[in-house]
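What follows is a short report on a single structure.
Read the figures in this text as sums done on the coordinates, not as results from a lab. What you are looking at is a predicted structure, and each value in this text was computed from that prediction instead of being measured.
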Amino acid sequence: MILGGVGRIVAANELRRLVHSEHRIVLIERNRQHTFAPSFLWLMTGDRRPEEISRDVQQLVHKRVELLHGEVRGIDLAAHCVETSAGSVTYDLLIAVPPHRSPLVVRGAGLANQAGWVPIDSATLATKGESVYAIGDITAIPLLGRWKSDVPLMLPKAGVFAHAQALVVARGIADRIAGKAASHKFSGEGYCMLEAGEHLAGFASGQFLAEPSPQIKLRQIGRSWHFGKVLFEKWWLAAPGAKKKSLRLLMELGAKALRVPALI
Ligand SMILES: Cc1cc2nc3c(=O)[nH]c(=O)nc-3n(C[C@H](O)[C@H](O)[C@H](O)COP(=O)(O)OP(=O)(O)OC[C@H]3O[C@@H](n4cnc5c(N)ncnc54)[C@H](O)[C@@H]3O)c2cc1C
């Protein structure tokens, strides 16, 4: 069972790709529409209309992922059960992905620390709840100090991390079902296109879990990064199928040519 967000779409589709169809994948989401947040700035500049950057959630997930529309009201870790406005649902494995603040439902389940964020094993994304994983903005991942070695940092909250973490968790669950040791761990690698207008963008990327401190690199501003972001937007908003596969291939080739990670 997977709860809400950018991370959830990635995790649900990756799990559906990896595990046998006898395993049910249930995704709980209260919104019927998903909007691609990185394109919000193009709404402000008039380069996009709202309908161009929104899709029905159903369209973005594999058709053999069960989508349950409902508000999550409580998580009972002991009973492996999630209470929703559409009824209660039991789970074998749970991935929770709530929004930018600490949601009551997660704090109520006893998953969060005092600050309200969910501490996890940064390699596997496992929480202290049995068979419960947390990915995305809700997680608290401490980093080594960069500016002052004795002042630790926290991993920034960004879709690129929610995405990478979702793939790690989905692949870890598939390994577990297949009776294998986990073959992937979260590396803390991430990037961001920094839009500058006039079809130009910069590109910042980094190894956030690097030792002795996070390593961040900025590339020269240029058109390629802007077109990379447009390509990512088209890929993200495409329904699973041939078009999505072609856009993915294009992105992988582009990333290779520009010597940057694709992380998709
Ligand atoms: C304007 C803007 C621009 C951004 N640009 C970038 C960018 O360029 N690159 C980048 O990497 N990141 C970007 N981000 C950040 C990125 O959008 C977030 O980091 C990412 O969405 C986090 O993903 P998530 O899966 O953790 O949670 P979210 O995507 O926030 O999803 C949380 C989900 O949980 C659901 N939910 C919450 N409570 C309940 C409940 N009780 N019951 C049922 N469902 C519930 C919500 O409906 C929502 O769908 C941007 C954010 C904004 C706002």
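Listing for the model above:
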{"read-out": "Listed residue pairs exceeding 19 Å between alpha carbons, taken from Lys128/Lys180; Lys128/Lys148; Lys217/Lys256", "value": "Lys128/Lys180; Lys128/Lys148"}
{"read-out": "Sum of -39500 (n - 2.57) over DSSP H runs of 4+, divided by residues of the chain (222 nm, nearest 500)", "value": "-9000 deg cm²/dmol"}
{"read-out": "Å³ per residue enclosed by the Cα convex hull of the stretch 2-185", "value": "139"}
{"read-out": "Euclidean distance of C-alpha centroids, the stretch 15-80 and the stretch 172-233, integer Å", "value": "21"}
{"read-out": "GNM flexibility winner over the chain from Ala37, Ala115, Ala170 (Cα, springs under 10 Å)", "value": "Ala115"}
{"read-out": "At q = 0.10, 0.11, 0.12, 0.15 Å⁻¹, base-10 log of I(q)/I(0) for the stretch 1-111 (Debye sum, equal scatterers on each alpha carbon)", "value": "-0.33, -0.39, -0.46, -0.69"}
{"read-out": "HN-Hα J in Hz across the stretch 163-168 - Karplus 6.51, -1.76, 1.60, θ = phi - 60°, x for Gly and Pro", "value": "5, 5, 5, 4, 5, 4"}
{"read-out": "DSSP beta bridges in the chain [antiparallel fraction, %, rounded to 5]", "value": "70"}
{"read-out": "Spread of Cα-to-Cα distances over 5 Å intervals beginning at zero, given as percent, for the stretch 146-256", "value": "2, 10, 14, 17, 20, 17, 11, 6, 3, 1, 0"}
